[in-house]
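A.B. asks: Below you will find the structure I want to go over with you.
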């Protein structure tokens, strides 16, 4: 896609702080997030062999994810259900607090800030949710929904200015201004998602986390909403963290792609590179699963077994039990992301050793 | 075309165009209930001017005129339309005054319950964790005392420390306090349950991502979406409060005989039901039933109207 080439051009359009062009807008370092399964303290106590022991179990949703998101790019995160991609989005937005690791936004750490300290960042980063049927407050009119972020972040604006801004943002996502007095449930899924996008755009953010924004929509509407997001990126110089499981969307939309498996990133690469030469065995299997028109006898890579449970993580590489190229080292040592000359990063011992 | 260019409609204009009024005009049961309820409330609160006699004034009570039947039964005195009770008080007047007392206690107690219960339920459901555990255990403890027990304890303490004349004087306030404190967990639990359901929805996440504070999210976003069950239980709770008050009065813990509520009227007539003076119990009983029924039916209608999903979409 030519979007790869566009990304640096967008960078150069941002006038402020030219030396920061090299610096990623969002840096995620060794992020971990685990959820306790064991309930409160009393529920953790068990009798075992005549002794009272405390037993805690965790779902390891994210295990050491490191990502850089450059200004102006659209980083897509793909992976199957339960691989932790939505959790990454929620931790980045501060909806969940991380169990470990760092998140830096524009060079400043944001993972341990209080909600008050986060407020200036809320204006710069916004989120679009998966389900447009649940992401609009059913008791608020569209006008109220769109005015709320503006009133919060611009307390000095008068009524007219807020209304003008709402009208502008409604026009930019293609919804008529006279929808304002209606309620969310009066609209279809695609219209609601436009409203949700308008709400996110209302505060003029520079970074948007989109958590599967089109997967709840009708296929005929998906392209419209996707185009709307791409137009918004072009017009407003947005940076996206785009969570999806739809590889066709990734190919169309993404500047770079991060493939996640069981809470870890196994490969990050520019979209074209990833689709042309997937390196990680899991990515290869994923790519081979895309139905193609040209071949009538598809060469699927069939993975054996199931995704292991994130409660008891496998040792070493999380993929080793299903990987056709796994050896002893894969069972013991956790692979790190290693940069390749074509701009991709792969976390695989076999790729590192040149076995693959 | 644009709504912003036109001047903001007045409150009245907005009400006139609202679905609330539209639905009201088309629901005959709501109209009937509202008519009955409003007239009961008006009559009850205008009792000092409407009632033929003042039942609180001992000089107007004639003990010789006790247990007179209502006007349609032979032996009635036309001065007492609905007859008299065992003390010779005009039943119509005493019912009007009693309805007023019952209404004040019912609404007052429910207001207190709702205030405590909604606040605690919202905090417990939204904040979760320790706050939730603490408030819900408190609710459990509260529920393990029955209303009667709270009434007995509070009544005993107040009577012992401040004297029983003080208790009779402030009986209405006492009953509001007792019933309000005894039943707030009903609200807290209902509200908490719906807050838990609402909290996991994405619009709450969206509000958090926007940067709104917990208080604003709780009261502006979550609370309005949990109000339907609050309305529904409010109607049940008003009925419950009025009936709790009647039960307490029946045991001598509620309104004193000199300032009876509908409950104490039913109770005072209960002793005479066997001797043929059924009207002393039955007429206040009918008033109580009508009152509770209209409140419940109105509550049902309001619940339907307040949910925009039921009428639009």
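The values are calculated or read from the model by the stated rules, or taken from the named source; none is laboratory data. A quick note: this is a predicted structure, and the numbers were derived from the prediction, not measured. Cβ: placed from backbone, ideal geometry, glycine included. Neighbour counts: every protein chain shown.
A.B. asks: Which residues, taken from region A:221-248, are closer than 23 Å to residue A:61 by Cβ and not in a strand (DSSP E or B)?
C.D. replies: Answer for region A:221-248, where residues must be closer than 23 Å to residue A:61 by Cβ and not in a strand (DSSP E or B): A:244, A:245, A:246, A:247.
A.B. asks: Keeping to region A:278-312, report how many residues are in contact (Cβ under 8 Å) with a residue 60 or more places away in the chain and in a loop (DSSP other than H, G, I, E, B).
C.D. replies: 5
A.B. asks: Right, another one. More than 14 Å from chain B (Cβ to nearest Cβ) and buried (at least 21 other Cβ atoms within 10 Å of the Cβ): does that describe residue A:241?
C.D. replies: no
A.B. asks: Now for a different question. With respect to the numbered conditions (1) within 19 Å of the chain's Cα centre (by Cα); (2) surrounded by fewer than 17 Cβ atoms within 10 Å (Cβ to Cβ); (3) in contact (Cβ under 8 Å) with a residue 40 or more places away in the chain, which one is the sole condition not fulfilled by residue B:219?
C.D. replies: The failed condition is (1).
A.B. asks: Residues to consider are A:74, A:134, A:108; find the one that is over 28 Å from residue A:280 (Cα atoms) and crowded, with 19+ Cβ neighbours inside 10 Å.
C.D. replies: A:134
Yes/no per residue for (1) touching a helix residue (DSSP H, G or I) at 6+ places or on another chain (Cβ under 8 Å); (2) part of a helix (DSSP H, G or I); (3) within 28 Å of residue B:41 (Cβ to Cβ); (4) modelled with pLDDT of 75 or more:
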position	(1), (2), (3), (4)
B:56	yes, no, yes, yes
B:74	no, no, no, no
B:109	yes, yes, yes, yes
B:116	yes, yes, yes, yes
B:122	yes, yes, no, yes
B:126	yes, yes, no, yes
B:139	yes, yes, no, yes
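A.B. asks: Would it be correct to say that residue B:216 is under 30 Å from residue B:23 (Cα atoms) and at pLDDT 80 or above?
C.D. replies: No; evaluated as a whole, the condition is false for this residue.
A.B. asks: Another question about this same structure. When region B:97-112 is examined, which residues are found to be surrounded by 24 or more Cβ atoms within 10 Å (Cβ to Cβ) and farther than 16 Å from residue B:254 by Cβ?
C.D. replies: Correct list: B:110 only.
A.B. asks: What are the residue pairs meeting all of these: first residue in region A:155-168, first residue touching a residue at least 24 places away in the same chain (Cβ under 8 Å), second residue in a helix (DSSP H, G or I) and surrounded by 15 or more Cβ atoms within 10 Å (Cβ to Cβ), Cβ atoms under 6 Å, and 6 or more apart or on different chains?
C.D. replies: A:165/A:150; A:166/A:146; A:166/A:147
A.B. asks: OK, next. For region B:190-213, how many residues are in a helix (DSSP H, G or I) and more than 8 Å from chain A (Cβ to nearest Cβ)?
C.D. replies: The number of residues fulfilling the criteria is 11.
A.B. asks: Further question: As an exercise: evaluate residue A:97 against (1) surrounded by fewer than 19 Cβ atoms within 10 Å (Cβ to Cβ); (2) under 29 Å from residue A:339 (Cα atoms); (3) more than 14 Å from every other protein chain (Cβ to nearest Cβ) and give the number of the one condition it does not meet.
C.D. replies: Here residue A:97 meets the rest and fails (3).
A.B. asks: Checking the conditions here, which among A:233, A:224 is surrounded by fewer than 24 Cβ atoms within 10 Å (Cβ to Cβ), within 27 Å of residue A:167 (Cβ to Cβ) and touching a helix residue (DSSP H, G or I) at 6+ places or on another chain (Cβ under 7 Å)?
C.D. replies: Residue meeting the stated conditions: A:224.
A.B. asks: Output the residues belonging to region A:165-177 that are assigned to a helix (DSSP H, G or I) and either surrounded by 13 or more Cβ atoms within 10 Å (Cβ to Cβ) or more than 12 Å from chain B (Cβ to nearest Cβ) (or both).
C.D. replies: A:165, A:166, A:167, A:168, A:169, A:170, A:172, A:177
A.B. asks: Looking at region A:132-152 only, could you name the residues that are under 25 Å from residue A:230 (Cβ atoms) and either assigned to a helix (DSSP H, G or I) or without any contact (Cβ under 8 Å) to a residue 24 or more places away in the chain (or both)?
C.D. replies: A:134, A:142, A:145, A:146, A:149, A:150 - these are the residues of region A:132-152 that are under 25 Å from residue A:230 (Cβ atoms) and either assigned to a helix (DSSP H, G or I) or without any contact (Cβ under 8 Å) to a residue 24 or more places away in the chain (or both).
A.B. asks: With in a strand (DSSP E or B) and within 9 Å of chain B (Cβ to nearest Cβ) as the only criterion, which of A:203, A:209 stands out?
C.D. replies: A:209
A.B. asks: Of all residues being farther than 18 Å from residue A:285 by Cβ and in a loop (DSSP other than H, G, I, E, B) in region A:328-350, which is nearest to the chain's Cα centre (by Cα)? Just the residue, please.
C.D. replies: It comes out as A:337.
A.B. asks: Count, please, the residues in region A:22-33 that happen to be modelled with pLDDT of 90 or more and either surrounded by fewer than 17 Cβ atoms within 10 Å (Cβ to Cβ) or in a strand (DSSP E or B) (or both).
C.D. replies: Final tally of qualifying residues: 8.
A.B. asks: What's the total number of residues in region A:298-319 that are surrounded by 15 or more Cβ atoms within 10 Å (Cβ to Cβ) and within 17 Å of residue A:60 (Cα to Cα)?
C.D. replies: Qualifying residue count, region A:298-319: 9.
A.B. asks: Is it fair to say residue A:194 is assigned to a helix (DSSP H, G or I), touching a residue at least 12 places away in the same chain (Cβ under 8 Å), more than 9 Å from every other protein chain (Cβ to nearest Cβ) and crowded, with 21+ Cβ neighbours inside 10 Å?
C.D. replies: So residue A:194 passes the test.
A.B. asks: For region A:300-339, how many residues are closer than 21 Å to residue A:67 by Cα and touching a helix residue (DSSP H, G or I) at 6+ places or on another chain (Cβ under 8 Å)?
C.D. replies: Here the count works out to 6.
A.B. asks: Still on this structure, I have one more. Out of everything in region A:102-115 that is over 23 Å from residue A:74 (Cβ atoms) and touching a helix residue (DSSP H, G or I) at 6+ places or on another chain (Cβ under 9 Å), what residue ends up being nearest to the other protein chains (Cβ to nearest Cβ)?
C.D. replies: Taking the candidates together, the pick is A:115.
A.B. asks: Touching a strand residue (DSSP E or B) at 6+ places or on another chain (Cβ under 7 Å), within 11 Å of another protein chain (Cβ to nearest Cβ) and crowded, with 16+ Cβ neighbours inside 10 Å: which single residue out of A:140, A:125 fits that description?
C.D. replies: A:125
A.B. asks: Test residue B:228 against the stated conditions and say whether it is within 13 Å of chain A (Cβ to nearest Cβ), part of a helix (DSSP H, G or I) and farther than 30 Å from residue A:211 by Cα.
C.D. replies: When the stated conditions are applied, residue B:228 passes them.
A.B. asks: Still on this model: Would you mind telling me which numbered condition in (1) touching a strand residue (DSSP E or B) at 6+ places or on another chain (Cβ under 7 Å); (2) facing chain B (nearest Cβ under 9 Å); (3) farther than 20 Å from residue A:236 by Cα residue A:118 fails?
C.D. replies: Evaluating residue A:118 over (1) touching a strand residue (DSSP E or B) at 6+ places or on another chain (Cβ under 7 Å); (2) facing chain B (nearest Cβ under 9 Å); (3) farther than 20 Å from residue A:236 by Cα leaves (1) as the failure.
A.B. asks: Mind checking which residues of region A:34-75 are free of Cβ contacts under 8 Å to residues at least 24 places away in the same chain and in contact with a helix residue (DSSP H, G or I) (Cβ under 8 Å, 6 or more places away or on another chain)?
C.D. replies: Across region A:34-75, the qualifying residues are A:38, A:40, A:54, A:55, A:56.
A.B. asks: Could I ask something else about it? State all residues of region B:248-288 that are surrounded by fewer than 17 Cβ atoms within 10 Å (Cβ to Cβ) and either touching a helix residue (DSSP H, G or I) at 6+ places or on another chain (Cβ under 6 Å) or in a helix (DSSP H, G or I) (or both); if no residue qualifies, say none.
C.D. replies: B:250, B:256, B:270, B:273, B:282, B:286
A.B. asks: Does residue A:160 satisfy being within 12 Å of chain B (Cβ to nearest Cβ) and modelled with pLDDT of 90 or more?
C.D. replies: Yes, satisfied.
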